[in-house]
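The next block holds one structure in the form of structure tokens; read it before the comments.
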Amino acid sequence: MSDVVPGRGFRLRRATAEDVDFMLELAEHEDVEPFLRAVRSREPEGVREEIERSLAEPQKSGRFVIEVEEAGEWRRAGLMGFDVANERSRIANLGGLAVHPDYRGRKLADEAARVLQRHLLIDLDFHRLQLEIYGFNDRAIQHAERSGFIREGAKRKAYWRHGEWVDGVLFGLVREDLDD
């Protein structure tokens, strides 16, 4: 994947060790943390390990930073990632999408998601992408639908989050679903 993605003033690049502080700060932001998966690493060493895995095994794992161009400089605006769910069937789990509140409202997450979808389905030859979103996260559900994912179902009361049982809403995407 090219470091610079053409168009619309943003790029998606693999995270490096220099991004650890940004990744941790964004994950702990009060407008982001309630919506992220509870089991993702929130410690510097765990985040470093995820980055190292992404760099060492780019076909199996990816931690990406979304950057926007402002005043001629690239600024970190968000995160996203994937991990192989099933190597034989070429299925990837997507997750960890977070855009800093200062950069919301620009459809940046939608465009970055489409770039990542094409990278995974075309460049890395995955057959299927899938993700799961907490049922209370209306913004993420709307994002998934806008960026082309197909709602496939729900896992009822599957997760204990914020003192209650919440649903997991399941989405999938295969290459045939892409807008060409």
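The values are calculated or read from the model by the stated rules, or taken from the named source; none is laboratory data. Please read all numbers here as calculations on a predicted model, not as lab measurements. Neighbour counts run over all protein chains shown; Cβ positions are idealised from the backbone, glycine included. Side chains are part of the model used for accessible areas, which takes the heavy atoms of the whole protein and leaves out ligands, DNA and RNA. Shrake-Rupley method; radii C 1.70, N 1.55, O 1.52, S 1.80 Å.
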Among Met80, Asn93, Gly105, the residue whose Cα sits farthest towards the positive end of the charge dipole of the chain (+1 at Cβ of Lys and Arg, -1 at Cβ of Asp and Glu, taken about the Cα centre) is Asn93
Compactness summary of segment 129-180: radius of gyration and Dmax from Cα atoms, Å, are 12.0, 43
Taking only the alpha-carbon atoms of the chain, the convex hull volume per residue, in cubic angstrom, is 120 Å³
Rounded to whole Å², per residue accessible area for the chain with a 1.4 Å probe reads 55 Å²
Asserting the computed 222 nm helical MRE of the chain (DSSP H runs at least 4 long, -39500 (n - 2.57) per run, divided by residue count, to nearest 500) equals -7000 deg cm²/dmol
Carbon/sulfur accessible area of the chain, % of total, 1.4 Å probe, equals 46 percent
For segment 62-116, the Kirkwood Rh over every pair of distinct alpha carbons, in Å, works out to 12.2 Å
For Gly135, other-chain or 5+-apart residues with amide H closer than 5 Å (H placed, Pro excluded) are Asp167, Gly168, Val169
If exposed means GluC sites (Glu not before Pro) lying in a DSSP loop and surrounded by at most 16 other beta carbons within 10 Å, then the longest stretch of the chain lacking such sites spans residues 88-180
